[in-house]
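Down below is the structure, laid out as structure tokens.
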Amino acid sequence: MTPEATGTDQAVQEKNSLREKISAAGPEERERILQDTVRKEAADVLDQSALNADSNFLEQGLTSLKALELTRNLMALTDVEIPLVAIIEHPTPTQLARFIATTLDEGDGSA
């Protein structure tokens, strides 16, 4: 198996695992899982070791290209459509996680 295939398989497993955790979680736990995911993905995009839940993305150096990368990564993990403007309207991991959770709830018909 090639290293690329192994990386792809791992990404698919991570994505499926995250979706399973989200669908099995209650509202508060779902938001915590999403907040952890947003923090991790944002820290990766910003080349930081960690990101505080209330850190403002723009103050941390998020550029338009990095915002695009962040939204694409989060959309791939969650299957939620995240417009780029969501980064401006929800500029912290906590706020963006709430946006994603709300969008998921609306998609489930439970909101």
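The values are calculated or read from the model by the stated rules, or taken from the named source; none is laboratory data. Quick caveat: nothing in here was measured; it's all calculated off a predicted structure. Using ideal geometry, Cβ is built from the backbone for each residue, glycine included, and neighbour counts are taken over all protein chains shown. These accessible areas exclude ligands, DNA and RNA; they are computed on the full protein's heavy atoms, side chains included. Shrake-Rupley method; radii C 1.70, N 1.55, O 1.52, S 1.80 Å.
Extending 7 Å from the Cα toward the beta-carbon at both Arg32 and Ile88 defines two label points whose distance is 3.4 nm.
Ellipticity at 222 nm from helices only: DSSP H runs of n ≥ 4 in the chain, each -39500 (n - 2.57), divided by the residue count, give -23000 deg cm²/dmol. For region 6-71, relative contact order (Cα pairs under 8 Å, six or more residues apart, normalised by length) works out to 21 percent. FRET efficiency for the pair Thr102 and Ser23, taken as 1/(1 + (r/R0)^6) with r the Cβ-Cβ distance and R0 = 25 Å, rounds to 0.95. Could you grab the relative contact order for the chain? Cα pairs under 8 Å, six or more apart, rounded to a whole percent. For the chain, the relative contact order is 29 percent. With the charge dipole of region 42-111 set up from +1 on Lys and Arg Cβ and -1 on Asp and Glu Cβ about the Cα centre, the Cα lying farthest toward the positive end among the listed residues Leu84, Thr103, Leu62 is that of Leu62.
Fully extending the segment from Asp47 to Gln10, taken as 0.36 nm per residue of separation minus the present Cα-Cα distance, adds 11.2 nm. Per-residue accessible area (protein heavy atoms, 1.4 Å probe) orders Arg30, Arg39 as Arg39, Arg30, starting from the largest.
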